[in-house]
Amino acid sequence: MFLNGGGMRGGDLHHQLRGAPLVKETRTAPKYRFHSVDDRFPALEPVDEGGVAVWGELYDLPMETLRDSLLPAEPPELELSVIELEDGTSSFAVVLRKEYRRTATLTDISDVGSWRQYKGIEPPA
């Protein structure tokens, strides 16, 4: 499972992973726009052009943990999807639901490419 917000190490949802091991830090393929939703959480948005690579963490997350713990803690603006990582492999991740593209307050943070950097939690790379 690719995580790029509160589920990452030190995030407010990290405990929902129930000890799932970190596989690696990685980036998505450059096929996404990256948004701050109401300045509460990040959201990936798949796009056909103008995409960027977004930084995150890849976890070996059991399906039971995904179903019973992590997904119920995610905001309703997000949904489970399959994304492409920078090495061409696929991973589960949550992405912005299409219907919220018109109604949520979105700030495009694609130029930053990292939720932690956007929130000032880590220095720029």
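Here the Karplus curve 6.51 cos²θ - 1.76 cosθ + 1.60, taken at θ = phi - 60°, turns the phi angles of the stretch 67-73 into couplings of 5, 8, 10, 6, 4, x, 8 Hz, with x standing for Gly and Pro.
Cross-link reach is defined here as a Cα-Cα straight distance under 19 Å, omitting same-chain residues fewer than 8 places apart; for Lys24 the aspartates and glutamates meeting it are Glu57, Asp60, Glu84, Glu86, Asp87, Glu122.
Computed on the Cα trace of the chain, the radius of gyration divided by the Kirkwood hydrodynamic radius gives Rg/Rh = 0.92. For the stretch 103-114, 3J(HN,Hα) computed residue by residue from phi via the Karplus equation (6.51, -1.76, 1.60; θ = phi - 60°) reads 10, 7, 7, 10, 10, 6, 10, 4, 5, 7, x, 8 Hz, glycine and proline entered as x. Amide H to amide H, with H built 1.01 Å from N, Val47 comes under 5 Å of Tyr32, Arg33, counting only residues 5 or more places away or on other chains. Modelled spin-label separation between Glu122 and Val47, with each label point placed 7 Å from Cα along the Cα-to-Cβ direction: 2.2 nm.
Seen from Lys24, the other residues with C-beta closer than 14 Å to its C-beta sum to a net charge of -3, counting Lys and Arg as +1 and Asp and Glu as -1. Ranked by the mean number of other Cβ atoms within 10 Å per residue, highest first, peptides 19-28, 89-98 order as 89-98, 19-28. Summarising the amide proton neighbourhood of Ile109: residues at separation of 5 or more, or on other chains, whose placed amide H is nearer than 5 Å comprise Phe34, His35, Ser36. For the chain, the relative contact order works out to 31 percent when only alpha carbon pairs closer than 8 Å and six or more residues apart are counted.
In loop segments of the stretch 76-125 as defined by DSSP, the GluC sites (Glu not before Pro) with at most 14 further C-beta atoms inside 10 Å of their C-beta are Glu86. For Lys98, a cut-off of 19 angstrom between C-alpha atoms picks up these lysines, skipping any fewer than 8 places away in its own chain: Lys31.
Every read-out reported here was derived from the displayed coordinates using simple, explicitly stated rules and does not represent laboratory data. Computed from a predicted structure; not experimentally measured. Ideal geometry is used to build each Cβ from the backbone, glycine not excepted, and the neighbour counts take in all protein chains shown.
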